[in-house]
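Asker: Could you have a look at this structure, given as C-alpha cells, before my questions?
The values are calculated or read from the model by the stated rules, or taken from the named source; none is laboratory data. For clarity, every value in this text was computed on a predicted model and none was experimentally measured. No Cβ is skipped: glycine too gets one built from the backbone with ideal geometry, and neighbour counts run over all protein chains shown.
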Ligand code: G1P
C-alpha cells in the first residue's frame, strides 16, 4: 500500500567541511554506521522496502554502501569480522535500491520532484537522513508510526516537534487545529520564518509521507525561501486544497546536520544502543 521511501541526499554538507569535502555527509558515521543506514533501517522497519535516492555528484559511496563489496566480503569470510556486515547485508538482501541524480540544486521541493518517476503514482515517504530519529527499545520507529496514520487518514503527513522560539528560523513551521493523539490538521505552514512571523513553535522534522499529487503541486510552486523550491510551500497548497496532517511523533530526534546534534547523537547511540548490543 505504501512501499516506497525517497532519500534526498544531494546536499553539500558544508557545515561539516573539511570532512565532507570528498565524502557525502550522509556517510558520516554515528559510532559505526553511516547516518543514511539508520534512515534506511527505519524505512525498512516500516515496511518500505523500495528505496529511492536522489543523489548528486560526489555521492557514489552511498550507492556502493548499499551494494555487495565482493572483495571485502571474500577477505573476511569465516572470520569474526563477518558479523560486522550483518546489518548492511540484511538491508541489501531485503530491499531494492534505485538512484537518480539531481542535476541542479534548487531546493528540497525540487529534489523530491526529481524522484517523481522513481516514486510513481503512489504515496511514499521521504526521509532526510540528517535527522536521526530514535525510539525506546520495543517501540515503533517514527516512519512506522506515520505509515499507520497514513493507513487511517490517507493524506500527506509531516512529522513535527516543539522547538525553542529562537530556533524556529531553522525549520518549516506549521499552524494547525489539534485533533487527538499528537495529530494536527495543518492550517498554515511557513518555511524558516523569523521568530516574530512563526505561526507556532511546531517545527517540521525530516520525515514526510506524501501523496503523489504533491508532484504537480511542486511543479507549480515558485521558488520561495532562499530562492529554492520548498516542499513546505507545496504542502501548504495541498493543505489548503484538501488535507495535510502534522504528527508529534513519539521518540527523539537529533539534528545531525549540525555539529552539536551530531555529537549528541553519537553519545546517545554509543551509550544506549552500541554498548547494549
Ligand atoms: C528542510 C525543510 C524544513 C524542515 C527541515 C527538517 O530544511 O526545508 O522545512 O523543517 O528540513 O530538518 P533544511 O534543514 O534541509 O534546510
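Asker: Could you list all residues from the stretch 248-277 that are within 14 Å of the ligand (Cβ to nearest atom) and not in a strand (DSSP E or B)?
Answerer: 249, 256, 257, 258, 261, 262, 265
Asker: Please list, ordered by first then second residue, the pairs with beta carbon atoms under 7 Å, 6 or more apart or interchain, first in the stretch 103-126 and over 17 Å from residue 57 (Cβ atoms) and free of Cβ contacts under 8 Å to residues at least 60 places away in the same chain, second part of a loop (DSSP other than H, G, I, E, B) and within 16 Å of the ligand (Cβ to nearest atom).
Answerer: none
Asker: Tell me, which strands (runs of 3 or more DSSP E) lie completely within the stretch 162-229 with 1 or more residues that are without any contact (Cβ under 8 Å) to a residue 24 or more places away in the chain and either under 21 Å from residue 253 (Cβ atoms) or out of contact with any strand residue (DSSP E or B) (no Cβ under 6 Å at 6 or more places or on another chain) (or both)? Full working, then the answer.
Answerer: Working: elements: 172-178, 183-191, 202-210.
Per the criteria, 172-178.
Asker: Give the residue, chosen from 10, 44, that is within 16 Å of the chain's Cα centre (by Cα) and assigned to a loop (DSSP other than H, G, I, E, B).
Answerer: Unique residue meeting the criteria: 10.
Asker: Can you tell me which of 46, 22 is in contact (Cβ under 8 Å) with a residue 60 or more places away in the chain and either touching a helix residue (DSSP H, G or I) at 6+ places or on another chain (Cβ under 7 Å) or more than 16 Å from the ligand (Cβ to nearest atom) (or both)?
Answerer: Details: 22 fails: in contact (Cβ under 8 Å) with a residue 60 or more places away in the chain.
Of the residues listed, the single one that is in contact (Cβ under 8 Å) with a residue 60 or more places away in the chain and either touching a helix residue (DSSP H, G or I) at 6+ places or on another chain (Cβ under 7 Å) or more than 16 Å from the ligand (Cβ to nearest atom) (or both) is 46.
Asker: Filter the stretch 112-149 for residues that are assigned to a helix (DSSP H, G or I), more than 16 Å from the ligand (Cβ to nearest atom) and over 17 Å from residue 215 (Cβ atoms) and give the result.
Answerer: 144, 145, 147, 148, 149
Asker: State the number of residues belonging to the stretch 163-196 that are within 21 Å of the chain's Cα centre (by Cα) and either more than 23 Å from residue 238 (Cβ to Cβ) or within 10 Å of the ligand (Cβ to nearest atom) (or both).
Answerer: Residues flagged as within 21 Å of the chain's Cα centre (by Cα) and either more than 23 Å from residue 238 (Cβ to Cβ) or within 10 Å of the ligand (Cβ to nearest atom) (or both) within the stretch 163-196 amount to 13.
Asker: Among the listed residues 245, 235, identify the single one that is within 11 Å of the ligand (Cβ to nearest atom), at pLDDT 95 or above and either under 18 Å from the mean Cα position of the chain (by Cα) or more than 27 Å from residue 102 (Cβ to Cβ) (or both). It would help to see each step written out before you state the result.
Answerer: Values: 245 fails: within 11 Å of the ligand (Cβ to nearest atom).
So the residue among 245, 235 that is within 11 Å of the ligand (Cβ to nearest atom), at pLDDT 95 or above and either under 18 Å from the mean Cα position of the chain (by Cα) or more than 27 Å from residue 102 (Cβ to Cβ) (or both) is 235.
Asker: Let me ask something else about it. Given (1) out of contact with any helix residue (DSSP H, G or I) (no Cβ under 8 Å at 6 or more places or on another chain); (2) assigned to a loop (DSSP other than H, G, I, E, B), identify the lone condition not met by residue 63.
Answerer: Checking residue 63 against (1) out of contact with any helix residue (DSSP H, G or I) (no Cβ under 8 Å at 6 or more places or on another chain); (2) assigned to a loop (DSSP other than H, G, I, E, B), the one that fails is (2).
Asker: In addition: Looking only at the stretch 66-108, count every residue that is modelled with pLDDT of 90 or more, part of a loop (DSSP other than H, G, I, E, B) and closer than 28 Å to residue 204 by Cβ and tell me the total.
Answerer: Within the stretch 66-108, residues that are modelled with pLDDT of 90 or more, part of a loop (DSSP other than H, G, I, E, B) and closer than 28 Å to residue 204 by Cβ number 5.
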